[in-house]
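Okay, so here's the structure we're looking at.
The values are calculated or read from the model by the stated rules, or taken from the named source; none is laboratory data. As the structure is a computational prediction, the values presented were derived from the model and not from experiment. FYI the Cβ positions are ideal-geometry reconstructions off the backbone, even for glycines, and counts take in every protein chain you see. Just so you know, the surface numbers come from the protein's heavy atoms only, side chains and all, with ligands and any DNA or RNA stripped out. Shrake-Rupley method; radii C 1.70, N 1.55, O 1.52, S 1.80 Å.
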Amino acid sequence: MRNNSHARIGTDTGGAGVHWNGISFRWLPYDFEIYSKTVDRYGKDKIPKDMTIQDWGITYDELEPYYDKFEKTAGISGEENPIGPKRSDKYPNPPMQETAVTRLYKKAAKELGYHPYHIPSANVTRQYTNPDGETINACMYCAFCEEYGCDFGAKADPIVTVLATAEKTGNYELRNQCTATRVTHSGNRANGVIYTDTSTGQEYEQPADIVVLAGFVFTNNRLLLLSEIGEPYNPKTGKGIIGKNFTGHFSNLSTYVGTRGFFEDKKFNLYAGAGALGTTIDDFSGDNIDHTDLDFLHGYEVHYFQTGMRPIANN
Ligand code: SF4
């Protein structure tokens, strides 16, 4: 977590939502209630004394309508996870194309008795107009959205979705190159933001009825600490909440192991791809396996991604 090299923090319009790959999983019901569900199934002793896991305070069922709303706003292109949690509606767009490798992966996974499905993708598979009236183009598999914005308007990002919608209201102003340094508050209520326009050095205080912290996990925690909101987490005493259990990107929060196969008799055309093109299985995710005789909690996924082999990086 203290290594910034794996945190792709977005600093311009749309933030990290512009350079995300577009992989759009939902958390599992187990993730939201990991403490209670672990205790229910295995008993309290399953959780080591120094492990700080806790329930989120909201459940999957409570959040599900908002997942659905997000997926429709973003035009998520996906296929039903055969062993996934229940959904109130299907994805608004069909999954990404099958490729030679996704076909091979799915065939192999099925033969082993697993349940492969296409990774839900914000690289949108057909021209799509979202409920706010914003059009997202059809992805052309050019493979340049991994860690970059999509020039073609085919990846759901804030610029082609919610910022465009906000702009149309006439009640919205975007101030780029500004950095929030404090949230002002009175008693228990936030009432404004202090920010600096980094192009001029001028500091402003913006009063507000509602303050939304959407600056990614590092900035959000830092702003709360600097603003002296909430009780900072003290790892020695276990008291406090701000900064507790915070985590960012997969490279830091978990082990991410890759492997590469060589096939003499097959051609895969891996120059083509998209940030979220791929396939996966959930058979080992969350608490989908019995952990009774295992000395860890939670699980892992076995993905295949075809993000496109950019020529210089890969050669
Ligand atoms: S693969 Fe290309 S067209 Fe598709 S979303 Fe990514 S950058 Fe856009």
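When the square roots of the Cα gyration tensor eigenvalues are ordered a ≥ b ≥ c, the ratio a/c for the range 32-155 is 1.5 or more and a/b exceeds b/c, which makes its shape prolate. Eigen-decomposition of the gyration tensor built on the alpha-carbon atoms of the range 161-315 gives equivalent ellipsoid semi-axes of 41, 27, 15 angstrom, largest listed first.
Taking the chain as a Gaussian network of alpha-carbon nodes connected by springs under 10 Å, the highest mean-square fluctuation of the residues 239, 155, 90 belongs to 239. Among residues other than residue 206 with Cβ under 14 Å from its Cβ, the summed charge is -3 (Lys and Arg +1, Asp and Glu -1). Extents of the range 24-64, taken as max minus min of Cα coordinates on every principal axis and listed largest first, are 32, 18, 17 Å. For the chain, the alpha carbon convex hull comes to 177 Å³ per residue, rounded to a whole number. For the peptides 298-310, 54-66, residues were scored by their other Cβ atoms within 10 Å and the scores averaged per peptide; the highest-first order is 298-310, 54-66. Computed over the alpha-carbon atoms, the range 94-218 gives an Rg to Rh ratio of 1.14, Rh here being the Kirkwood radius from the mean inverse distance. On the range 131-228, 51 percent of the accessible area sits on carbon and sulfur atoms, based on a 1.4 Å probe.
Of the DSSP beta bridges with both residues in the range 135-281, give the percent that are antiparallel, rounding to the nearest 5.
90
The residues of the range 1-125 expose on average 56 square angstrom of accessible surface per residue, using a 1.4 Å probe on protein heavy atoms. For the range 38-107, carbon and sulfur atoms together expose 55% of the accessible surface, with a 1.4 angstrom probe and every protein chain in place.
Look at where the Cα atoms of the range 50-124 and of the range 170-234 average out, and the two centres are 33 Å apart.
Solvent-accessible area per residue in the range 216-314 equals 65 Å², computed with a 1.4 angstrom probe and all protein chains kept. From its DSSP helices (H runs of at least four residues, each -39,500 (n - 2.57)), the chain gives a residue-normalised ellipticity at 222 nm of -6000 deg cm²/dmol.
Qualifying chymotrypsin sites (Phe, Trp or Tyr not before Pro) in the range 164-220, where qualification requires a DSSP coil assignment and no more than 16 other C-beta atoms within 10 Å, comprise 172.
For the residue pairs 49/107; 46/236; 46/106; 37/106, alpha carbon separations beyond 32 Å are given by 49/107; 46/106.
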